[in-house]
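Step one of this worksheet: look at the structure below.
What follows draws every value from the coordinates through simple rules; no lab data is involved. All values derive from a computational prediction rather than experimental measurement. Quick reminder, even Gly has a Cβ in these numbers, built from the backbone with ideal geometry, and neighbours come from all protein chains shown.
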Amino acid sequence: MNSQQLKEAIVEYSQSIGIDKIGFASASVFEELKGRLLTQQALNYQSGFEEPDIDKRTNPQLLLPNASSIISIALAYPSKMKNPPKSTKEERRGIFCRASWGQDYHTVLRDKLQKLEAFILELVPEATVKSMVDTGELSDRAVAQRAGIGWSAKNCSIITPEFGSYVYLGEVITNLALPPDQPMEDRCGSCNKCVEVCPTGALITGGQLDSQRCIAFLTQTKGFLAEEFRSKLGNRLYGCDTCQTVCPENKGKDFHLHPEMEPDPEIAKPKLKPLLHMSNREFKEKFGHVSGSWRGKKPIQRNAIIALAHFKDETAVPDLLKVVKEDVRPVMRGTAAWALGKIGDASVLNELQKLREKELDEEVQQEMDKGISMLQA
């Protein structure tokens, strides 16, 4: 079997196991990406979640000796929820981004990649392979762009002609020399919608992201959220889809090809108030299988408090007071005190002032002072 026949066999097999798109690229150094990452590092635009070694992120040879090719795969996920529950005045709801609907995509993609690896090794037992999804060293997007899966858009996503940017990406590095596919031309053109509507101005220019300002990143942090971002969060509990939903290339794109990716509406759009008092065990049982749970319940609960403030949900006052009085975590007490300032009344002011006298944590005191000032005003 020559390299072209091997490639065709891999493509055919990938389709049989439900991979929606596959592309092939050389394993040469990603020089352009390296320059962009060095700029990102110099400007402190990194999130801190990525691999810190830029050489490992851009040189496949450091990850697999004698790496020759990279196989990129894409799986399309839904952009619309069937029968989404409504947020009511009595029961306000938050939202997880689309990439956290259904089963954790890392699990779904790893299963496909492991099957692909096994198939390759069956055909070429002496081959070496190494696969990764998202948390690996390589940039999934840079690989996908080089492999012709789609183009690297101004919103920092890969956009495919077939599925828009609603795709999960993964790759297999191998020492096999496989014919590469042609990279796709950029189709964003003069469109700048994603940059213009980014809630926090995180998209600096087309293709450059200040992760420190990106709502998708901010929803995953565990400390106090800077006040300038709280009003931008809305009811987002995890992630942000704004730069995808405004993209003209995503108009009408909604694929339900994988049952495991279908969202449970009560998990993708959960009620906010019950989240505040959920134990670790309850959180894991309900949300543990979705990608948005990877940082634990703390960021989700903090974001739920901010969402209740966004809605000015007066029915949440007893829940928020309970958090201020009983939660051992300063971030929760402080954020709840701030939220009470947004939605409370004179009776809340008295309660908050009494709690302020007992509070020992300096940051919580500052948030309480903000809440008290808002209530006095």
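Comparing 329, 93, 110 in a Gaussian network model of the chain (Cα springs below 10 Å), the most mobile by mean-square fluctuation is 329. Note: relative contact order over the chain, using C-alpha pairs below 8 Å and six or more positions apart, is 20 percent.
Taking 4.7 Å between beta carbons as the limit, the unpaired Cys residues of the chain are 97, 156, 188, 191, 198, 214, 240, 247.
To the nearest 20 Debye, how big is the dipole of the chain about its Cα centre, given +1 on the beta carbon of each Lys and Arg and -1 on that of each Asp and Glu? Charge dipole, the chain, about its Cα centre: 1020 debye, nearest 20. Within the same chain, aspartates and glutamates fewer than 8 places from residue 342 are excluded, and of the rest, those with a Cα less than 13 Å from its Cα are 227, 313, 314, 367, 369. In this structure, the residue pairs whose Cα-Cα separation is over 26 Å, taken from 193/286; 222/286; 115/269; 21/286, are 193/286; 115/269; 21/286.
Against the main long axis of the alpha-carbon atoms of the chain, helix 317-326 sits at an angle near 90°. According to the square roots a ≥ b ≥ c of the eigenvalues of the Cα gyration tensor, what is the shape class of region 123-194, taking rounded for a/c under 1.5, prolate for a/b larger than b/c otherwise, and oblate for the remainder? In terms of gyration-tensor shape, prolate. For region 245-276, trypsin sites (Lys or Arg not before Pro) are listed when DSSP marks them as loop and at most 13 other Cβ atoms sit within 10 Å of their Cβ; the list is 251. Working from Cα pairs under 8 Å separated by at least six residues, relative contact order for region 232-377 is 22 percent. The long axis of helix 346-358 is offset from the longest Cα principal axis of the chain by roughly 80 degrees. Exposure proxy shown here: for 258, 310, 106, 277, the number of other Cβ atoms within 10 Å sets the order, fewest to most, as 277, 106, 258, 310.
Take every pair of alpha-carbon atoms less than 8 Å apart whose residues are at least six positions apart; their mean separation over the length of region 1-75 yields a relative contact order of 46 percent.
Each of 296, 71, 229 was scored by the projection of its Cα onto the charge dipole of the chain, and the greatest displacement toward the positive side belongs to 229; charges sit on the C-beta of Lys, Arg, Asp and Glu.
Since only 99, 177, 131 are under comparison, the one whose Cα sits farthest along the positive direction of the charge dipole of region 93-193, derived from C-beta charges on Lys, Arg, Asp and Glu, is 99. For region 69-214, a crude dipole built from +1 on the beta carbon of Lys and Arg and -1 on the beta carbon of Asp and Glu, taken about the Cα centre, is about 800 debye to the nearest 20.
For region 74-213, rounded, prolate or oblate, judged on the Cα gyration tensor with a ≥ b ≥ c (square roots of eigenvalues), a/c < 1.5 rounded, else prolate if a/b > b/c? Since a/c reaches 1.5 but b/c is at least a/b, the shape of region 74-213 is classed as oblate.
Projecting the alpha carbon convex hull of region 1-56 along each direction and taking the average yields 6.0 nm². FRET efficiency for the residue 226 to residue 29 pair, using the beta carbon distance and R₀ = 22 Å, is estimated at 0.05.
Ordering 217, 276, 242 by the projection of their Cα atoms onto the charge dipole of region 207-281, which places +1 on the Cβ of Lys and Arg and -1 on the Cβ of Asp and Glu, puts 276 at the extreme positive end. Fewest-first ordering of 6, 257, 113 by other beta carbons within 10 Å of each residue's beta carbon gives 257, 6, 113. For residue 148, the shell of other residues with beta-carbons less than 11 Å away shows a net charge of 0, using +1 for Lys and Arg and -1 for Asp and Glu. Largest GNM mean-square fluctuation among 12, 357, 31, using the chain with Cα springs under 10 Å: 357.
FRET efficiency for the residue 118 to residue 329 pair, using the beta carbon distance and R₀ = 45 Å, is estimated at 0.50. In this structure, the residue pairs whose Cα-Cα separation is over 24 Å, taken from 284/322; 56/232; 251/297; 130/298; 80/298; 89/232, are 56/232; 251/297; 130/298; 80/298.
If only the Cβ of Lys and Arg carry +1 and only the Cβ of Asp and Glu carry -1, the dipole of region 268-334 around its Cα centre is close to 200 debye.
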